[in-house]
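Undergrad: If you scroll down you'll find the structure; I have some questions about it.
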Amino acid sequence: MNLVIVESPTKARTIKKFLSKKYKVLASQGHLIDLPRSKLGVDIDNNFAPKYITIRGKGKILKELKDAARKADRVFLAADPDREGEAICWHIGRALKLSTEEPCRVEFNEITKAKVKEAFKNPRLIDSNRVDAQQTRRILDRLVGYSISPLLWRKVRSGLSAGRVQSVAVRLICDREEEINNFNPEEYWSLDAQLQEGGSKSQFKAALERHRKKKIKLKNKSETDYVIDRVKNERFIIEKITRSKRKRRAFAPFTTSSLQQEASAKLGFTSRKTMSIAQQLYEGINIGSGETVGLITYIRTDSTRISPQAQIEARSLISDRFGAEFLPENPPVYKSGKGAQEAHEAIRPTSVTNEPALIKKHLSRDQNRLYTLIWNRLVASQMNPAVYDQVRISINAGDYTFKATGSTLRFPGFLVLYQVEDAESETVLPDMEEGRELDLLELLPEQHFTKPPPRYNEASLIKTLEEKGIGRPSTYSPIIETIQNRGYVFKDNKAFVPDEIGFIVVELMINYFPEVIDIDFTARLERQLDEIEEGKEDFLKVLKDFYDGYFKERLAEADKKIEKVEIAPEVSDEYCPNCGEQLIYKHGRFGRFLACPTYPECKYTKKVLKETGVTCPVDKGMIVERRSRKGRIFYGCENYPDCEFSLWNKPLPEICSQCGAVMTEVRKGKGKVARCSNKDCANEQELTQKEVAVRS
């Protein structure tokens, strides 16, 4: 009898069906052994030796594994194929006293019958370099978190933490907020000419581009009026027509980061939700006839590589389904980011024959939506580019040049399967010839102001962390969850806003621990961890350079110099109905709320309701933003439960001109429309970008 140990019960159930009766499969249910939660757990004076213990509540599971191992002829450790999985296997191997000379590590990137059986034919030794890299990360995080956090409790407020990577994420959000607050909008103008070719009914716009062959920028109304006076009586002559083809290449298959970003943009999923559902798809779903199979490959990866077999499957499907014109001559190759582990694969379907439409009935709604996104992305990545016909027309008006650009989709390529938000809309220009004169119908000046950079949302923060080399695929979701739970940042309309405590902690970290919160330094540490895994760097040297090199000295200095920080509560204009005190704003795991300052004597609290400015049509109360039990935003009357009026879409101040119901804002294509909330009414109107911006 052989014993196989994996992390999760779901994974265990799936693998068990692929192996013969000679294998018993048990789950460790994650880590069994780790550093203690109540203390540092690292012997700094003894070469940073970690002091591991059995995690509280996991003793029974470890005993069951030990008993099973004693009865087994051989033990296989089959945790996930990454550093953390390797560390889990190393801990279990030591606890079960397995021989370090016998290959016991089984690794597979996808949980399918063929790959699992193949992996068991080729077990290997536990990779000590991977284990060292993971241990180094844990020790570094402990040294930072368990040293600085108590300092923050004493000097600022209890319950705070200063993680090595999370602090950098908070700094990014705080720096962006300062950029926004310090931003000074600058005025600029654009000038379009509404033109028509003589004798033709086709009209088009051309934008002012140059003055005497030099790029022109209009800073204010007087400059714009000056140009208008100069060109309004000029002849508009077509100087040059340039026709070309432009190709738009498909996106690479998903990495962890790009999946989280796209699931946020297309499906509205948080990073935590994305990873939770992806884990379910990876570990195995029953897709009928008793067949349980992992539907996607391993979900923590920074590689865009896919296996030759997966490419062959995808190319066969593309040829059969879409035709030879959609199939490139050679399989596309995508470049992974710097430091990506190319031994891994991208996130892809384990088999493209498991088409979303065929297995939809076996999946939950969210599982199906995420699987469809992954399936479409993989297949589209193996298709030919989209091809556009582009026309660029240069039009002279005296000393000034106007430009008109037209774009027509000639061949859809991958766009037949995978639509993108910034896909070009077709702009068809009439057939014209160089040297022809155009009729000027109208000059259209428009005032603009430069905008500050947007606040980070989950997708853009993950993208920035990845670009700057901060964290790794497995850390993005925990980082985002931690910085919110600690109250450093909160979400406003899906964007991260730093709380006052976030600014305070970042400022303290910059003043007293500049290396820890430095973006480049943190990225360099990540590269060193990669080098430990590759056997190019000694883990003990990395730890000594970090701690003895400066951290120990910084810690002692900070403890002496940081003075107690007094944080004044943010006072609201509302009063406690129980004791009459003025309520203050606080942050909890579900966001901001109002609380009585006399707590614990008075325990009154109240949710902070975000008003929409729209009146409830039932009882004339205010419609406010709310969240469902699953975290989805909806809109309901402030007088709930007495009034149960609610909407999923954001209400608008306008009333439907056809039936009198509330109009709502709905996304449609690239833009937004005002749509009647009455399902029996078909009233729908386009919203301009200006209208959307004003209402936001």
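So that you can scan it fast, the table gives a plain yes or no per residue for (1) touching a strand residue (DSSP E or B) at 6+ places or on another chain (Cβ under 8 Å); (2) surrounded by 15 or more Cβ atoms within 10 Å (Cβ to Cβ); (3) touching a residue at least 24 places away in the same chain (Cβ under 8 Å):
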| site | (1), (2), (3) |
| --- | --- |
| Arg13 | yes, yes, yes |
| Lys21 | no, no, no |
| Leu40 | no, yes, yes |
| Asn46 | no, no, no |
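Undergrad: Pairs needed: first member in segment 629-652, closer than 15 Å to Met663 by Cβ; second member anywhere, among the basic types (Lys, Arg) and at pLDDT 85 or above; C-beta distance under 8 Å; at least 6 residues apart or different chains.
TA: What qualifies is Tyr635/Lys650; Asn649/Arg675.
Undergrad: Give the number of residues within segment 140-174 that are assigned to a helix (DSSP H, G or I), touching a residue at least 40 places away in the same chain (Cβ under 8 Å) and not basic (Lys, Arg).
TA: Counting residues in segment 140-174 that are assigned to a helix (DSSP H, G or I), touching a residue at least 40 places away in the same chain (Cβ under 8 Å) and not basic (Lys, Arg) gives 16.
Undergrad: Which members of segment 289-320 meet the condition of being assigned to a loop (DSSP other than H, G, I, E, B) and of a type in the set (Lys, Arg)?
TA: Arg300, Arg305
Undergrad: With segment 472-546 as the region, which helices (runs of 4 or more DSSP H) entirely inside it contain at least 1 residues that are in the same structural domain as Glu557 (by TED's automatic domain parsing), surrounded by fewer than 17 Cβ atoms within 10 Å (Cβ to Cβ) and hydrophobic (A, V, I, L, M, F, W, C)?
TA: By residue number, 500-512, 519-533, 539-546.
Undergrad: Filter segment 591-632 down to residues that are small (Gly, Ala, Ser) and at pLDDT below 90 and give me whichever is nearest to the chain's Cα centre (by Cα).
TA: Gly631
Undergrad: Testing Phe18 on (1) at pLDDT 95 or above; (2) hydrophobic (A, V, I, L, M, F, W, C); (3) over 22 Å from Phe539 (Cα atoms), one condition comes back false. Which one is that?
TA: That leaves (1) as the condition not met.
The values are calculated or read from the model by the stated rules, or taken from the named source; none is laboratory data. None of the values given here were measured: they were computed from a predicted structure. So basically every Cβ, Gly included, is an ideal-geometry build from the backbone, and we count neighbours across all protein chains shown.
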